[in-house]
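Written out below as structure tokens is the structure these notes cover.
What follows draws every value from the coordinates through simple rules; no lab data is involved. Because the structure is predicted, anything quoted here is derived from the model rather than measured. Cβ placement follows ideal geometry from the backbone for every residue including glycine, while neighbour counts extend to all protein chains displayed.
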Amino acid sequence: MSTLNRTRDTALRERAARVVPSGMWGHLHAAKLPADYPQFFSRGEGGALWDVDGNRYIDFMCSWGPNLLGHHHREVEEAAERQRRDGDCLNGPGEVMVELAELLVDTIAHADWAMMQKNGTDATTTCVTIARAARGRRKVLVARGAYHGAVPWCSPSLIGVTAEDRAHLVYFRFNDVESLEAAAAAAGDDLAAIMVSPHRHDLGVDQELPTPEFAQAARRLCDEKGAALILDEVRAGMRIHAAGSWEPLGIRPDLSAWSKAIANGYAIAAVTGAEHLRRAASEIFVTGSFWNSAVPMAAAVATLKIVRRDDVPGRLFKLGTMLREGLATRALQYGVAIRQSGPVQMPLILFDDDPDFSKGAAFCNAAIQKGVYFHPKHNMFLCAAHSEADITAALAAAEHGFAAVRAQV
Ligand SMILES: Cc1ncc(COP(=O)(O)O)c(C=O)c1O
């Protein structure tokens with residue numbers, strides 16, 4: 001039974017249902033979340049957010065990734081505000097675009113150049129376009145079930161998508177070298193690119209870290225065939241390693257797509273690339289009315305400097321380890337079998353014998369009553385503004401969650 005006030009949320013859902021198709025689009029529709037979850041939010045501060053009825057949550061979705069340092073991070077907000085006073089959307093970019101590109105090139109190990117866009121989908125699509133332009137080839141290898149954005153070539157839904165939109169995708173299984181090799185063979189001389197996320201973070205299944213053999217095979221196949229290795233860093237970027245999520249593996253991509261966390265919540269994406277793709281990147285036509293917007297660029301410059309200065313991935317690793325170990329201990333205490341997977345900075349909790357995620361929903365519904373916002377089947381995110389006290393509070397809320405799951409079976 002929910003103890004949370006939902007008066008304003010309910011009223012807003014009714015109004016939205018009249019003027020927005022189905023009230024909300026995409027994966028953020030509250031119908032896709034546990035029953036007690038709100039649809040509408042009013043504000044965020046640090047690692048917390050408030051819904052429209054004034055309920056406060058310690059937030060483990062972090063805006064689904066963008067909130068990296070905490071909402072209203074002082075240095076990021078000051079940088080954005082300075083730029084806002086000068087101008088945001090002008091006839092062309094400001095000096096800040098060059099500053100951001102320089103910083104990306106200096107920070108990201110494989111990068112010799114950078115281009116800016118707005119959303120992650122813009123960045124992944126631009127990467128594919130550059131790779132195809134480079135050699136005049138068509139085929140792109142993607143892992144089955146991986147998410148690379150929400151336009152016809154990559155959307156997880158086939159509604160409104162034609163077979164032609166997908167005609168040149170060839171699928172492989174993440175971490176399966178044989179299937180990657182088979183997909184590359186099927187693409188033959190027409191192989192433009194292999195696109196892959198740094199780790200497997202598909203919805204509703206255990207996350208998988210890449211095996212070194214798999215990452216090496218992806219690099220080797222691209223080298224052998226003259227194709228581009230594209231790393232989709234949109235979700236993981238800046239949480240695992242500032243220089244690139246595959247740096248610890250010693251594998252560098254030719255192109256990377258970035259968005260979400262790079263400007264701490266401001267709307268911006270980026271493509272970074274290696275020297276040999278500079279010409280293709282300058283020949284394709286890509287643009288957007290807001291791609292030169294200067295405020296998010298200023299926010300990105302401030303964010304990236306902080307990521308480097310404060311070793312944000314290291315901080316998230318520490319917090320994430322505390323959360324993971326605490327959850328494991330408590331799940332054992334309550335006799336509930338859970339699986340935690342993926343990097344600790346991006347936790348995912350799944351329950352054994354839970355095909356319809358009803359245990360996950362019971363866990364989350366109980367935790368949200370205690371002011372903690374978890375997700376039952378999508379990877380979550382930590383931010384640097386979370387404190388050790390937040391993790392302790394989250395673990396206390398998780399105990400209620402585990403008790404609810406135990407009561408269900
Ligand atoms: C791995 C990955 N690639 C691409 C995208 C698309 O980004 P956007 O929603 O900003 O277009 C996402 C978004 O969640 C993502 O997680």
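For this structure, a couple of remarks:
- Value of relative contact order over the chain, rounded to a whole percent, pairs C-alpha under 8 Å and six or more apart: 22
- Cβ crowding within 10 Å averaged over residues, with 188-195, 266-273 ranked highest first: 266-273, 188-195
- Among 129, 73, 26 - extreme Cα towards positive end, dipole of the chain, charges at beta-carbon: 26
- Eligible aspartates and glutamates near residue 225 by straight Cα distance, threshold 12 Å, same-chain separation 8 or greater: 181, 189, 190
- Around residue 354: net Lys/Arg minus Asp/Glu count, Cβ-Cβ under 11 Å: 0
- Separation of alpha-carbon centers, segment 193-264 and segment 95-147, rounded to whole Å: 12
- Sequence-distant lysines (8 or more away, or on other chains) whose Cα lies within less than 17 Å of residue 377: 32, 359
- Over the residues of the chain, the helix contribution to mean residue ellipticity at 222 nm works out to -12500 deg cm²/dmol, using -39500 (n - 2.57) for each DSSP H run of at least 4.
- In the chain, taking the dipole from charged Cβ atoms about the Cα centre, the farthest positive-side position among 175, 380, 244 is held by 380.
- Quarter of the Cα convex hull surface for the chain, i.e. its orientation-mean projected area (nm²): 20.1
- Of the residues 16, 408, 120, the one whose Cα sits farthest towards the positive end of the charge dipole of the chain is 16 (charges of +1 on Lys and Arg Cβ, -1 on Asp and Glu Cβ, taken about the Cα centre).
- When peptides 276-287, 317-328 are ranked by their average number of other Cβ atoms within 10 Å per residue, the highest-first order is 317-328, 276-287.
- Counted charge near residue 9, where neighbours are those whose Cβ lies closer than 15 Å (Asp, Glu -1; Lys, Arg +1): +2
- The charge dipole of segment 324-409, taken about its Cα centre with unit charges on the Cβ of Lys, Arg, Asp and Glu (plus for the first two, minus for the last two), comes to roughly 60 debye.
- Dipole magnitude of the chain about its Cα centre (Cβ charges: Lys, Arg +1; Asp, Glu -1), debye to nearest 20: 580
- The chain - share of DSSP beta bridges that are antiparallel (%, nearest 5): 55
- Seen from residue 49, the other residues with C-beta closer than 14 Å to its C-beta sum to a net charge of -4, counting Lys and Arg as +1 and Asp and Glu as -1.
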